[in-house]
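I have placed the structure first, in the form of structure tokens, so that the comments after it can refer back to it.
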Amino acid sequence: METTSSPYEEARPNRAGYRDISVEAAYRARGKARLVDVRESSELAADGFIAGSEHVPLGVVDAHCGAWNRDEEIILICRSGNRSGRAAEALVRRGFHRVMNMAGGMLAYTAAGLPVARS
């Protein structure tokens with residue numbers, strides 16, 4: 001019998017309290033984890049996004065996360081992984097337990113040839 005690990009279990013621990021997840025694993029996690037893109041609207045329009053992700057710009061993550069389940073798996077996404085790393089740290093400080101940052105951001109995601117959605 002094959003067991004499947006959760007995206008969080010696949011991700012690499014980071015000393016900031018969240019985990020770094022590869023772009024491939026983040027893509028496979030659609031439907032299993034909450035994907036939150038913290039880029040600005042203009043970036044999504046110009047560069048596309050991962051289908052199924054929700055758009056919550058970095059500046060408003062703190063205001064929106066109060067309604068989120070602190071035990072669900074959350075993958076944060078940005079252009080390069082820097083802003084999503086800051087968002088991940090903020091969620092960990094707010095008591096979220098299964099937070100991941102998509103390593104390399106959308107730059108690495110598109111470089112890997114993974115599908116990009118456009119509105």
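The values are calculated or read from the model by the stated rules, or taken from the named source; none is laboratory data. It should be emphasised that the depicted structure is a prediction, and the values quoted were computed from it without experimental measurement. All Cβ positions, glycine included, derive from the backbone under ideal geometry; neighbour counts span all protein chains shown.
Numbers below:
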| item | result |
| --- | --- |
| So Arg15, is it in a loop (DSSP other than H, G, I, E, B), of a type in the set (Lys, Arg) and at pLDDT below 95 | yes |
| Cβ-Cβ under 7 Å pairs, at least 6 apart or on other chains, region 21-44 side closer than 15 Å to Ala117 by Cβ, far side assigned to a strand (DSSP E or B) and aromatic (Phe, Trp, Tyr) | Asp37/Phe49 |
| Number of positions in region 65-85 that are crowded, with 17+ Cβ neighbours inside 10 Å and basic (Lys, Arg) | 2 |
| Enumeration of residues in region 87-108 that are farther than 17 Å from Arg34 by Cα and either touching a helix residue (DSSP H, G or I) at 6+ places or on another chain (Cβ under 7 Å) or acidic (Asp, Glu) (or both) | Gly104, Ala108 |
